[in-house]
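Taking it in order: structure first as C-alpha cells, then the write-up.
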Amino acid sequence: MSDLGAVIRGAYALLSPAEARVADLVLGSPDLMVGFTATELATRAGVSKPTVTRFVAKLGLDGFRAFRELARREHRVPAGSPIDLLSRELDVTEGDLEVLLGETLRADTENLRRTFEGLPRERLLEVVEQLATAPQLVFVDYRKNHPLAAYAGTLFNSVRPQVRTLPERGISAVDGLLDLGADDVVVMFPFRRAQREHASTSATVQQRGATLVTIGDRFPNPAATRARVHLVCHTDGVGVFDSLTAAMSVVGLLFTATTNRLGADAQQRLTQLEDAHEVFTTFVRTNSGVPPGGGAG
C-alpha cells in the first residue's frame, strides 16, 4: 500500500463512529501523522488509545508503527531530516520518557564504542602533530555543526596561539579564509546533510594548499572527500537530530593529545591565561567544602 488516504477511504465503511473520528483527523492533516504517537493521535481525535489500535487494524496494517511508516513514505519525508528522525524515535519510544532515557544511553554508549574502536591510530597521530605545529589553526562549520567548531576553537585556544573559529561575528568564512597559508590546518565537521558551504569552504582550503581535516559521519560530503584525514563518528540516536556525543568526545581526545604533544608550551600558555583571568577577576573564588553563604560554624 502506498496511498494512506486511499487505504482509509477504502476501509471507512467498516469503522465505528469513534474510529471514523480518527480517520477524519488523518485525512484532514496527513502530514502530521509522521510525528504523532498513538496516544497523541487518540488525544487529538478525542478517542481512546485502543480505538486508534482498532482503527489501524481495520486498515489492514500490522500496528501503529506500520501506519506511521506508510505516512512517512507517502509524504516523502527526506531521509535524515528532523521529521524523519522524530518519526523513527517515536517508533522506538512511543513518547515514553523512561524508554527514551534508556535508549539514549544505549545508543550513545554504542556510538562511542564504535567510533573509538574505528579511529585509525596512525592518522590520529598525524592529525595531532598538525594541530600542534600548524602556524594557524582554523575550526569552521555552519548551522547546527558550528557549535562543534566553536567548542573546539575554545579548547585549542587555551593551549596554543593563532586559533580561529569561523564564521565569527562580523567575519564570514570567506573573509576568514583569505589569509590561509599552505602550512595551516582547517578542521570541519560535516555531518549527514551536506550544505553548499561544505563544498565551497573545502574547495577554498584545497585551492590555498592548506591541510583539511574533517570530523564527521559516514554519509557522503564534499568536505570529507577533499580532506587529508576524515575521522568517522557514529551518530545513530533516538532524537530529532543525530547524536554528536561521539564527535564531542573525539574533539576532547584530540585536544588532550595535542596538549600532551605541546608539553611545556601548553602549560606556559595555560598559566598565562590563568594570570589574565586573575586580572579580569573572571572566576568567583570559593572555599572548598564551604557552601555559598556558609561559614566555619
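Give me the net charge of Leu41's neighbourhood, meaning all other residues with Cβ under 10 Å from the Cβ of Leu41; Lys, Arg count +1, Asp, Glu -1. Intermediate values should be presented prior to the final figure.
Values: positive: Arg44, Lys49, Arg68; negative: Glu40.
Result for the neighbourhood of Leu41: +2.
Where does the charge balance sit around Arg106 when Lys and Arg score +1, Asp and Glu -1, over other residues with C-beta under 12 Å from its C-beta?
Details: positive: Arg113; negative: Glu103, Asp108, Glu110, Asp236.
Taking every Cβ under 12 Å from that of Arg106, the sum is -3.
Going by average Cβ density within 10 Å per residue, which order do the peptides 204-215, 7-18, 158-169 take, highest to lowest? Walk me through the intermediate numbers first.
Values: 204-215: 19.8, 7-18: 14.2, 158-169: 17.1.
In descending order of packing, they fall as 204-215, 158-169, 7-18.
Can you give me the distance in nm between label points at Arg208 and Thr225, each placed 7 Å from the Cα along the Cα-to-Cβ direction?
2.2
Net charge within 14 Å of Val159 by Cβ-Cβ distance, Lys/Arg positive one each and Asp/Glu negative one each, not counting Val159 itself?
Values: positive: Arg160, Arg261, Arg269; negative: Asp265, Glu274.
So the surrounding residues net to +1.
Given the Cα atoms of region 109-191, and with Rh set as the inverse mean 1/r over their pairs in the Kirkwood sense, what is Rg to Rh to two decimals?
Rg/Rh: 1.00.
Pull out the extension gain between Asp3 and Arg113, defined as 0.36 nm times the separation in residues minus the alpha carbon to alpha carbon distance; nm, one decimal.
On the way: separation 110, 0.36 × 110 = 39.60 nm, distance 4.07 nm.
This chain segment gains 35.5 nm when fully extended.
Calculate one ³J(HN,Hα) per residue across region 196-208 by plugging θ = phi - 60° into the Karplus curve 6.51 cos²θ - 1.76 cosθ + 1.60, and present them in order as whole Hz with x for glycine and proline.
Result, rounded to whole Hz: 4, 5, 4, 5, 5, 5, 5, 5, 5, 4, 5, 4, 8.
From the gyration tensor of the Cα coordinates in region 107-280, what semi-axes in whole Å does the equivalent ellipsoid have, largest first, with each one equal to sqrt(5λ)?
Numbers: eigenvalues 118, 81, 51 Å².
Ellipsoid semi-axes (Å, largest first): 24, 20, 16.
Give the Rg/Rh ratio for region 152-209, taking Rg as the radius of gyration of the Cα atoms and Rh as the Kirkwood radius, to two decimals. Numbers along the way, then the final one.
Details: Rg = 12.0 Å, Rh = 12.5 Å.
Result: Rg/Rh = 0.96.
For Ser158 and Lys58, compute 0.36 nm times the residue count separating them, minus their Cα-Cα distance, and round to one decimal in nm.
Working: separation 100, 0.36 × 100 = 36.00 nm, distance 6.27 nm.
Result for the pair: 29.7 nm of gain on full extension.
Laboratory data are not the source of any read-out in this text; all were calculated from the coordinates shown. Small disclaimer: the values here were computed from a predicted structure and weren't measured. When we count neighbours, we look across all protein chains shown, and the Cβ atoms used for this are built from the backbone with ideal geometry, even at glycine.
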